[in-house]
Amino acid sequence: MKILHIALKSIYTPGWSYQENFLTKYHSKLGHKVSLITNLYSREKDKIIKNSDVNLFFESFGIDVYRLKEKKNRNHQSLLATYPDLKETIINIAPDLIFLHGLQLRDVLKIHNYVRFNSSKLIIDNHADFENSANNIVSKYLLHRTLWRIIAKIIEPETQIFYGVTPDRVDFLRDVYKIPTNKIKLLHQGVDDEIVLKERYYNDFEDVDFSNAIITGGKLNKKDNELRQLIEVVSEIDSFKLIIFGTLSKNIRRLISRSQLQDKII
């Protein structure tokens with residue numbers, strides 16, 4: 001198949017392990033012809049950079065990557081961001097399947113029109129929940145319960161599956177956008193097996209016992225309260241340990257040092 005991923009709200013950085021990286025990689029490894037349409041932004045250590053003011057095309061790990069320029073120099077976070085060359089780029093790729101990463105996109109109707117008048121199939125995933133979205137009156141009622149719900153209902157007949165990438169985001173699709181439950185599935189998040197094997201080979205992970213462990217990590221900067229609760233739970237269960245990956249705040253480091261749980265927390 002010819003599979004096209006559209007991730008215009010993401011920040012695609014080659015070699016990183018976000019969803020748009022490893023899904024495209026493994027679709028390619030399965031023998032599909034894979035393309036990705038994204039914006040001009042990428043990450044460089046702790047900052048976001050804009051690669052160019054013109055459209056870019058390059059090949060990354062066997063995937064054709066198209067970086068499109070936004071109209072009027074709005075960045076990818078802007079609700080008004082639109083990409084004049086999106087429709088033409090999709091037509092030139094002529095995909096059998098489009099995987100849209102996030103429907104909160106002004107140009108989603110361009111994708112809808114292409115799918116409607118061609119034989120392409122459409123899958124959409126959702127990264128919005130009540131923690132990162134719809135947490136004030138404007139966002140909840142004007143954007144998500146009105147604008148994005150209307151767009152979701154317009155594109156719903158042409159969409160095979162709406163994936164929530166967490167259980168909360170499955171609920172968001174059902175409760176906020178009113179997507180029929182028979183079209184909603186949970187997209188279980190995976191890892192890049194090749195990177196895991198490489199890291200286990202070059203590092204001393206063989207010394208770490210992952211049995212009876214609770215593992216958490218990723219974006220920890222806003223999870224102090226959740227980590228605090230996890231630490232309290234682990235402290236009460238003799239047979240479990242807690243494995244944390246990511247950068248810890250000073251508050252959590254202080255809590256661990258005071259909890260006398262150094263032998264249970266990795």
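Among the numbered conditions (1) outside any strand (DSSP E or B); (2) open to solvent by less than 30 Å² (accessible area, probe 1.4 Å); (3) of a type in the set (A, V, I, L, M); (4) closer than 23 Å to ARG74 by Cβ, the only one that ILE124 does not meet is (1). Summed over segment 137-154, residues that are closer than 14 Å to ASP175 by Cβ and hydroxyl-bearing (Ser, Thr, Tyr) total 1. The set of residues in segment 94-113 being surrounded by fewer than 19 Cβ atoms within 10 Å (Cβ to Cβ) and either touching a Gly at 6+ places or on another chain (Cβ under 9 Å) or of a type in the set (A, V, I, L, M, F, W, C) (or both) consists of ALA94, LEU97, LEU109.
Of all the listed residues (TYR141, TYR177, TYR163), the sole one being over 28 Å from LEU30 (Cα atoms), at pLDDT 80 or above and in contact with a helix residue (DSSP H, G or I) (Cβ under 9 Å, 6 or more places away or on another chain) is TYR177.
Would a scan of segment 129-138 turn up a residue that is at pLDDT 95 or above, in contact with a strand residue (DSSP E or B) (Cβ under 9 Å, 6 or more places away or on another chain) and open to solvent by less than 60 Å² (accessible area, probe 1.4 Å)? Among the residues of segment 129-138, not one is at pLDDT 95 or above, in contact with a strand residue (DSSP E or B) (Cβ under 9 Å, 6 or more places away or on another chain) and open to solvent by less than 60 Å² (accessible area, probe 1.4 Å), which makes the answer no. Of all residues in segment 103-152, those satisfying the criterion of being closer than 18 Å to ALA81 by Cβ and among the hydroxyl-bearing types (Ser, Thr, Tyr) are SER133, SER139. Looking only at residues in segment 34-54 that are touching an Asp or Glu at 6+ places or on another chain (Cβ under 8 Å) and not hydroxyl-bearing (Ser, Thr, Tyr), the one that is nearest to ASP96 (Cα to Cα) is VAL34. Between LYS198, LYS178, LYS185, LYS153, the distinction of being part of a helix (DSSP H, G or I) and either in contact (Cβ under 8 Å) with a residue 24 or more places away in the chain or surrounded by 14 or more Cβ atoms within 10 Å (Cβ to Cβ) (or both) belongs to LYS153 only.
Residues are listed down the side, and each one gets a yes or a no for (1) closer than 23 Å to ASN126 by Cβ; (2) not small (Gly, Ala, Ser):
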{"residue": "LEU4", "(1), (2)": "yes, yes"}
{"residue": "ILE11", "(1), (2)": "yes, yes"}
{"residue": "TRP16", "(1), (2)": "yes, yes"}
{"residue": "GLU20", "(1), (2)": "yes, yes"}
{"residue": "SER35", "(1), (2)": "yes, no"}
{"residue": "LEU40", "(1), (2)": "no, yes"}
{"residue": "PRO84", "(1), (2)": "no, yes"}
{"residue": "ILE90", "(1), (2)": "yes, yes"}
{"residue": "HIS101", "(1), (2)": "yes, yes"}
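The values are calculated or read from the model by the stated rules, or taken from the named source; none is laboratory data. For clarity, every value in this text was computed on a predicted model and none was experimentally measured. Don't worry about glycine lacking a Cβ; one is built from the backbone with ideal geometry, like all the others, and counts go over all protein chains shown. All accessible areas refer to the heavy atoms of the entire protein, side chains included, with ligands and DNA or RNA removed. Shrake-Rupley method; radii C 1.70, N 1.55, O 1.52, S 1.80 Å.
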